[in-house]
Each structure stands twice: as structure tokens, then as C-alpha cells.
Amino acid sequence: MAYHRIAALVIRHLYLYRRSLPRVMEIIYWPFLDLVVWGFITVYLATFQGQMPAVVTFLLGALILWDVLFRSQQGITISFLEEIWARNLMNLFASPLTPSEFLAATMVMSLFKVTAVSVVMSLCAWLFYGYNVFIIGLWLMPFIANLVLTGWIIGVFTTSLIMRFGQEAEVLAWSMVFLFQPISCVFYPMDVLPAWLKGVAAVNPAAHVFEGMRGLLATHTAPLTNLGLASGLNLLYLGAVVLWFHHTFNVCKERGSLVRVGE
Amino acid sequence: MSSPVVEVRNLSKRFGGFTAVDGISFEIGRGEILGLLGPNGAGKTTTFQMMLGLVTPTSGSIRMFDLDLQSNRETILQQVNFSSTYISLPFSLTVEENLRVVARLYGMSDIATRVDDMVQKMEMGEWRHKLTRKLSSGQMTRLTLAKALLTEPKVLFLDEPTASLDPDIAHKIRAILLEERQATGLSILYTSHNMREMEEMSDRIIFLQRGKIVAEGTAKDIVARFGQADLEDVFLKLARE
Ligand SMILES: Nc1ncnc2c1ncn2[C@@H]1O[C@H](COP(=O)(O)OP(=O)(O)O)[C@@H](O)[C@H]1O
Ligand SMILES: [Mg+2]
């Protein structure tokens, strides 16, 4: 890994964001809008406080954390799409840049997006609804770290599919993550799922993060088991999708399709 | 004699059942300009892409600087660059930003000075702060050539580098390339459909047809061997066979 090549890619993206309104909206305006809509729903639901305790803390917290996962995935996939749209893959991969360095740069971009989105959303939640995301406490850090990792997994997976299948697969950049939402148990406990789906959710690291968050808020139990499971699954899957990305990269070089992606 | 900078042996590429490049071998010496000539679909671009590590050969070997490309990709590509009328640089960055990113990608030092020098050499001063999206195709070609020379390569791959340039700029570009070769010993592999340019630039020419080398030598040799008036007639004769 050469640090200067990763830095070169990150700087290239920063140049891009610096003068692009749609790209800035993506990390500021849309998360803000999400939060406002969900905020009002939460305020409305809170009028039934008696029947639905702590619904406010659950929903807004869950929403912010879900957006962390979503933006983390986008950070990876959109960074790759940017290179396709700019027809820049040939320039990059005919340089000494390695596929691993390329992935590392998209991960840095992902962290950058997650940080921006989290700050925007937490600040808005606090300003508009007096909601302090930090009531989740210091556990917030390992929760977020795990959601970022899950986002990377889905991001690298989606990127490999786009690299392999080209333009038709581009829409996955926005839709893939929502395949995972029902089994991530973002807004409801794993227990409400039917038995067979519960089995699927059990091997989804994100589900354990949200389960842990609810446990923490409701009963103040330390979410050690949840975090352990989430981290273990995350590392396992991340290793697997990174290997698969390298494999796909080689298949594309074999077929001569690497420099034709997006054409 | 010093060993060649580029050594290609029995290089082949098959896409499914179709053979795009069929067992070609050639060498390029230090400071040599080798022209790759051939009709559309002959396998020129595929050959370039294999030499840049973008396409994996089906068989054969590519060596540069006495190293095998398969196992020394980073070391080799650090000393190589390419340009073509068919490539571009990211549209949403300015000309100068694009050059800076490339310089960083190749780990160059003194980036600001280097970019200034290149902008001057390629006469890009008037549009260095323009968005790349707004360049004319001739300006884009100059920019991609600038990015290729910026990293001080020892080997340069040029796939139809002057196809969209007006004669004045094309002439200047050729002068810059010859000057660079003189000053640094740059080796160049290059394609063009401009026969006069081929004759003027190339020390040697390889004629590629359906993935195979069908003629090789200096422009003069080839013209004489095929009993034609000039390279264009040779091209027409071979391409129509
Ligand atoms: N990735 C690919 N998959 C299938 N066929 C390809 C691919 N790339 C090139 N070809 C075919 O290989 C042949 C040589 O193409 P190319 O190297 O681009 O020729 P040239 O640059 O000499 O015009 C063409 O028939 C082309 O259609
Ligand atoms: Mg070609």
C-alpha cells in the first residue's frame, strides 16, 4: 500500500465535492430532510406516550444510525461510480495504483461522508427536537464503527457487481442497501420477524447493532454480546467481499471489460 | 548493445473464441520510436492494454526494464505512461487539478513547478483553470499528452495521439515528443492512421493484421519490400488482402 496514491484519490474526490452542489446536497440536505420527516413522525407518535414508551429515543436514534450505514455504503459505491462516469478507470489502473489502494481510498471517502452526515443529523436532531443522540453514551462509538463496516461490506459487494455487470447494475448503488433494511431490524426488534427470517437476521451484523441499541436504551444492559457478534460477522464478511472484489477485478482484466465498464 | 527496454514474446489474446492478438513478438530499444500500423480491429489497442496491465494476456510474456509485467506491475507502471485520443480526464476538475492529481498518483515531487513547466511546454496556459468538461477535443488530447509526459515515463504508449489535432498543434506535439526522446532517452510505442506522421516519427514500423505481424522494418524497407510508392500504398495493399 502506498499512502501517496490513496491520498491522490482522496484529493481528487475533494476537488470534485468542493464545487458540486448535488454532491454536497447528498451529504447535507438529504440527511437533513430525512431527519425532519422522521422527526415529525416521532413528535406525533410521542403524543401517545402512554402506550408507546421511549418511542422517541428509539426512532430518531435508529434513523441516524441507519443513515450511518447507508452513507458508509454510498461512500464506497459512489466513489467507484464517479470514476466510471468520469471515464477515469483506465487512467487509474494503468498507473501503479493497486486495487487494494483503490478500495482504501473509497473507505476514506466513506468515513468522510459518514462523519459529515452524522454531524449534520445529530445537530439537527438536537436543534429541532431537543434529541441528544449521545444518550446512547459511549457505546455509540462501537455501534457506529460496526455500522460503517457493514456499509463497507455492502459497498464493496455492490461495487464488484457494477464492475462485473456494468451500467445496468448501477442502480444497485442506491437500492442494494434497502434489501438489507428489513433484516437489519432498524426500527423493530428481531423478535417480530417470522422464525425463518429471524435466522437470516441473526447472521446480519447490522441487526445485532440495532438490537444492542434497543437493549441499551430499554434496560441499560451493556450490549457486549451484540457487539461481539456484529464485529465477528463484520470482519468475516469484509474479508470475503474484499477477496471477491479482487477476483472480479481479475475476471474483468481477463475479459478485457475493465476499461469498458460504463461504455 | 544494451538490452531492450521493452520485450514482448509470443503475446496472444483470445476473447472467447476470437483471437485479437496472435503470437506477436517485438522489442523496443532505449530512445526508440516504434510505430504500430494496421487497419481497424488489427489488435493495436488490445496490445497497448495488455502492456499497461489492463488486459491479461492469454499467453506470452511482456517484459520492461528486464522485469516481467505480471510480477512487477507497480515498479513497471511507475515508469510508463500512455495517452490516446480516446481517453479523457475527469470532467469536473480543472485542467490544473487533474495534472496535480496525476502527479500525486505517481508520487512526483515539486508538483507545483512540474505542473507549471508542463502547462508552459504544452501551451495550455490560457485554459489551465478551465473545467476539463469545457475543453475542445484538441485541447483534451493535449491535456492527456501532458498528463502522460508529466510523470517522466521511460516508455510512452500513444494510441492515435494526434488524431483530433489541427496540423499546427500536431506538428508541435511531434516536435515535443522527438525533443523528449532526445533529452531523456524516452522510448515510444505508437499508433496512427496518418502515414506521413508514421514515416516521419518511427524508427521502425510493425504492420499488424488480424492480430499477426505481417511486416516489420523501417518505413523505407517496408515500402521497398512491397514494391509500392509509399507507406500509404503498402497499407492499402495489405489492408485489402
Ligand atoms: N474486451 C473485448 N472483448 C471481445 N472482443 C474484443 C475486446 N476488445 C477488443 N476486441 C476485439 O478485438 C479486435 C481487435 O481490437 P483492437 O485491439 O481494438 O483493434 P485496433 O486498435 O487495432 O483497431 C477487434 O475485433 C475487437 O472487436
Ligand atoms: Mg485501436
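Summary table
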quantity	calculated
Odd one out for B:Gly38 among (1) touching a Ser or Thr at 6+ places or on another chain (Cβ under 6 Å); (2) near ligand 1 (Cβ under 10 Å from one of its atoms)	(1)
B:Phe157, sole failed condition from (1) within 14 Å of another protein chain (Cβ to nearest Cβ); (2) open to solvent by 10 Å² or more (accessible area, probe 1.4 Å)	(2)
Failed condition for B:Gln78, given (1) more than 30 Å from B:Lys134 (Cβ to Cβ); (2) open to solvent by 30 Å² or more (accessible area, probe 1.4 Å); (3) more than 8 Å from chain A (Cβ to nearest Cβ)	(3)
Residue, nearest to the chain's Cα centre (by Cα), within the range B:43-57, restricted to residues that are assigned to a helix (DSSP H, G or I) and near ligand 2 (Cβ under 10 Å from one of its atoms)	B:Phe48
Residues of the range B:7-40 satisfying the condition of being within 14 Å of chain A (Cβ to nearest Cβ), within 16 Å of ligand 2 (Cβ to nearest atom) and of a type in the set (Gly, Ala, Ser)	B:Ala20
Segments classed as helices (runs of 4 or more DSSP H), wholly inside the range A:84-200, with at least 3 members that are loosely packed, with under 15 Cβ neighbours inside 10 Å	A:99-129, A:172-180
Unique residue being at pLDDT 95 or above, away from ligand 1 (no atom under 16 Å from the Cβ) and open to solvent by less than 20 Å² (accessible area, probe 1.4 Å) when the list is B:Ile62, B:Ile33, B:Ile24	B:Ile33
Output for the range B:58-110, where each listed residue is of a type outside the set (A, V, I, L, M, F, W, C) and assigned to a helix (DSSP H, G or I)	B:Arg73, B:Glu74, B:Thr75, B:Glu96, B:Glu97, B:Asn98, B:Arg100, B:Arg104
Residues (at negative phi, touching a Leu at 6+ places or on another chain (Cβ under 8 Å) and more than 7 Å from ligand 1 (Cβ to nearest atom)) located in the range B:41-54	B:Phe48, B:Met50, B:Met51, B:Leu52, B:Leu54
The range A:236-261 residues that are over 18 Å from A:Gly155 (Cα atoms) and in a helix (DSSP H, G or I), paired with ones that are away from ligand 2 (no atom under 16 Å from the Cβ) and of a type in the set (D, E, K, R) (beta carbon under 8 Å, 6 or more apart)	A:Val251/A:Arg164; A:Cys252/A:Arg164
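Residues are listed down the side, and each one gets a yes or a no for (1) outside any loop (DSSP other than H, G, I, E, B); (2) modelled with pLDDT under 95; (3) surrounded by 19 or more Cβ atoms within 10 Å (Cβ to Cβ):
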| site | (1), (2), (3) |
| --- | --- |
| B:Ala112 | yes, no, no |
| B:Val119 | yes, no, yes |
| B:His129 | no, no, no |
| B:Thr141 | yes, yes, yes |
| B:Leu145 | yes, yes, yes |
| B:Leu149 | yes, no, yes |
| B:Glu152 | no, no, no |
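The values are calculated or read from the model by the stated rules, or taken from the named source; none is laboratory data. Since the structure is predicted, the reported quantities are computational estimates derived from the model, not experimental observations. Virtual Cβ from ideal backbone geometry, glycine too; neighbours counted across all protein chains shown. All accessible areas refer to the heavy atoms of the entire protein, side chains included, with ligands and DNA or RNA removed. Shrake-Rupley method; radii C 1.70, N 1.55, O 1.52, S 1.80 Å.
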